[in-house]
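In what follows, a structure is listed as structure tokens, so that the remarks can point back to it.
The values are calculated or read from the model by the stated rules, or taken from the named source; none is laboratory data. A quick note: this is a predicted structure, and the numbers were derived from the prediction, not measured. Cβ placement follows ideal geometry from the backbone for every residue including glycine, while neighbour counts extend to all protein chains displayed. Please note that ligands, DNA and RNA were not included when accessible areas were found on the heavy atoms of the full protein model with its side chains. Shrake-Rupley method; radii C 1.70, N 1.55, O 1.52, S 1.80 Å.
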Amino acid sequence: MKRRIPLRKRLLVRLLSVSALIAVCSVAATAWLAVTTTTSALKEEQGQDLAADNSILARLSGYAATHADWAGVRGTVRELAAETGRRIALTTADRTLLADSAPRGTPLPPAPAATVDPLRTDTYSETGAQLSGIDPRVAGPYRLPAKERAQLDALAARRKQCYERYGLQAGVVRTASGRPVVTLPDGTAPAGYGAAVCDDGRLNTPTPTESRALADLTDLARPCLGQAGLDLGGQLFLTLDPSGKDPFGGGYLVAKYTRAGQQATARAAQRCILTARRTQLEPYVAPVAELFLGIGDRSPSRFDMSPGNKAKVIGAAGLVLAVTVAVTAVVAVRLVRPLRALTEAAGAPPELHVRVPVTTRDETGILAEAFNDLTERRERIEAQRRAMVSDIAHELRSPLTNIRGWLEVVRDGVVEPDPPLLDSLHEEALVLQRIIDDLQDLAAADAGTLRLHREPLPAGDLLAQVAAAHRVAAGAAQVALRTEADAAAWLDADPVRMRQALGNLVSNALRHTPADGTVALGARRDGADVVLTVTDTGTGIAPEDLPHVFDRFWRAEKSRSRRTGGSGLGLPIVRHLVAAHGGTADAASEPGAGAVFTLRLPAAEPPGDEP
């Protein structure tokens, strides 16, 4: 019966579980690495792109702030493209190409990345902060001539020396218009540190050039202030930012409106001033342009992993590899240990009959149990082989000893070779011949070379032929021999081999049936089979001996006397002959009530009547 293995103990399930675990670990590690490294790379790339885009826009906005047109921008565009690895294209508002780092005819990206307008920008700041209007690099009419610049430089140097006397290490920086500004190293104004005596106001006083530009700005701002209800006949004063930072930026101009002693709100004034300042500076800057950005043809590979990400990949791969090796090693050891024990047991000498301990309930455990069963069967077969050799030697020794003894006495002249002696020697030779024939039949059956000549055979005729052949022996033993056959019982069998099988059974029954007993041969149809029986009223077979009646050289009488038993090969031959016909042979008995030998063979249909 095939043993059912629990699902969790099956070798296939365990291997699949290990593979699934390794796959899950690998997928999880890969997904984690992909998410983390890709996210990090994307963030880094986005930061780099944003920084590069801002740098490009700032450079181009600076160009526009210092040039009245885009005529010479091609060199700047090519330089920026080479530095950033990006494609850079500038067009007018109606998409007329001004400059492009890509070859002529290359289509533009679908949408512009930004608008280059130095009068309306919030992307440029030297400190990184956003501005809310005009690029501070636009100087326009506020650009100082050399003479005024020299005068302001002298004032700035005098103020710097004043600050240094008070322990302030100030420096001088120059704005886009050329005006010097005194600041501390951290960019703050020194005036907030208590050195007010150094602020004489002369450095922050507008120069003639700046005064003219401020007057023009006042004229440009006045209509806007009037529309806002702020210019009602009063006077608008524009002064420089006292801190000196971006003195003409829209956020630093101080606007004061005075009427009837009231001060107008500076916020509304600042809006008007910013609008007027854009109008004032517009002739000095390049026209508004659209900026297109793309990936350059010679740009380096993107998303290069950082050393940290590479370390993560190597670490995760090493961890997955270590887990895989560990799990595989554990499973392999558990699988190989019983297989190694099986290999060692299989290679042991046959006489040791080594058995393997069964430690698991999976396929390996079942294999170990099957190996142990095979070892036990091999042990039994080995014992049967030794017993068979001994039995064959014993069976052949007895008639050969008799023949040799009589021949020696005849040779020595002790006994004359008279007919009774010759008959005895002939009988012993027949015994030898019968044993050899039986062994030859068994050998042919074992090798599968036993030839059968099948033909339709009525079971009644077969029984009659066997009974006729043993009628004399039955009479000598004073045993009644009877037959009873069903007319519908037909066999497709070899008549000679079937007579041999039934003859062996009848001979065995006659030997074990006492005088006045009965041996009955029967045949009947049982569905698709024909059942042949040989029943005797002899002494029967003991229950412990019944399973061995078809073993070779087995006898219930252990003395091996031919008066109580034959060679011990008749019943094994019966079983082999019946098996060659596709049938079975069984024995049943009760001690003192005789024995019944049953042969069950496939039936054949009786042939039809001759026309």
| note | Scanning the stretch 5-17 for residues that are modelled with pLDDT of 75 or more and surrounded by 15 or more Cβ atoms within 10 Å (Cβ to Cβ) gives none
| message | residue 57 - would you say it is closer than 19 Å to residue 295 by Cβ, at pLDDT 85 or above and either among the acidic types (Asp, Glu) or assigned to a helix (DSSP H, G or I) (or both)? | response | yes
| task | Might you check whether a residue that is acidic (Asp, Glu) and either closer than 20 Å to residue 492 by Cα or at pLDDT 90 or above (or both) occurs anywhere in the stretch 585-596? | result | yes
| query | Going by the structure shown, is residue 287 assigned to a loop (DSSP other than H, G, I, E, B), open to solvent by 70 Å² or more (accessible area, probe 1.4 Å) and at pLDDT 80 or above? | reply | yes
| field | Scan of the stretch 302-351 for residues that are exposed (fewer than 14 other Cβ atoms within 10 Å of the Cβ), more than 28 Å from residue 21 (Cα to Cα) and at pLDDT 70 or above, ordered by number | value | 307, 343, 344, 346, 347, 348, 349
| task | Could you tell me whether the stretch 244-262 includes any residue that is at pLDDT below 85 and in a helix (DSSP H, G or I)? | result | no
| said: Being assigned to a helix (DSSP H, G or I), more than 60 Å from the chain's Cα centre (by Cα), modelled with pLDDT under 90 and not hydrophobic (A, V, I, L, M, F, W, C): is that true of residue 538 here? | reply: no
| query | Under the condition of being within 26 Å of residue 199 (Cβ to Cβ) and of a type in the set (S, T, N, Q), which residue from the stretch 126-160 is modelled with the highest pLDDT? | reply | 151
| message | Cβ contacts < 7 Å: first residue more than 21 Å from residue 6 (Cα to Cα), restricted to the stretch 360-380; second residue part of a helix (DSSP H, G or I) and at pLDDT below 80, any location; separation 6+ or different chain. Result? | response | 378/350
| Every residue from the stretch 215-238 that is surrounded by 19 or more Cβ atoms within 10 Å (Cβ to Cβ) and at pLDDT 70 or above | 217, 221, 224, 225
| request: For the stretch 480-491, indicate whether the set of residues that are of a type in the set (Asp, Glu), modelled with pLDDT of 90 or more and not in a loop (DSSP other than H, G, I, E, B) is non-empty. | output: yes
| query | When the stretch 492-516 is examined, which residues are found to be part of a strand (DSSP E or B), among the charged types (D, E, K, R) and buried (at least 21 other Cβ atoms within 10 Å of the Cβ)? | reply | none
| query | Can you tell which of 604, 595 is surrounded by 18 or more Cβ atoms within 10 Å (Cβ to Cβ) and touching a Gly at 6+ places or on another chain (Cβ under 8 Å)? | reply | 595
| Verdict on residue 422 being under 60 Å from the mean Cα position of the chain (by Cα) and either assigned to a loop (DSSP other than H, G, I, E, B) or free of Cβ contacts under 8 Å to residues at least 40 places away in the same chain (or both) | no
| said: Condition (residue is of a type outside the set (S, T, N, Q) and under 22 Å from residue 139 (Cα atoms)) applied to the stretch 155-164: is it met by at least one residue? | reply: yes
| said: For the stretch 61-81, which positions are aromatic (Phe, Trp, Tyr) and not in a helix (DSSP H, G or I)? | reply: 70
| query | Regarding residue 457, is this residue touching a strand residue (DSSP E or B) at 6+ places or on another chain (Cβ under 9 Å) and either assigned to a loop (DSSP other than H, G, I, E, B) or of a type in the set (Ser, Thr, Tyr) (or both)? | reply | no
| remark: Note on residue 379: of the conditions (1) open to solvent by 60 Å² or more (accessible area, probe 1.4 Å); (2) charged (D, E, K, R); (3) at pLDDT below 75, unmet is (3)
| remark: Over the stretch 60-112, the set of residues within 21 Å of residue 133 (Cβ to Cβ), surrounded by fewer than 20 Cβ atoms within 10 Å (Cβ to Cβ) and small (Gly, Ala, Ser) is 62, 68, 93
| Residue selected from the stretch 132-166 under the condition of a type in the set (Lys, Arg) and over 30 Å from residue 278 (Cβ atoms), by the criterion least open to solvent (accessible area, probe 1.4 Å) | 159
| task | State which residue pairs qualify: first residue under 14 Å from residue 502 (Cβ atoms) and inside the stretch 465-491, second residue of a type in the set (Lys, Arg) and assigned to a helix (DSSP H, G or I) in any location, beta carbons under 7 Å apart, and separation of 6 or more residues or different chains. | result | 465/499; 466/499; 481/471
| query | How many residues, within the stretch 517-530, are over 60 Å from the mean Cα position of the chain (by Cα), surrounded by 19 or more Cβ atoms within 10 Å (Cβ to Cβ) and within 17 Å of residue 581 (Cα to Cα)? | reply | 1
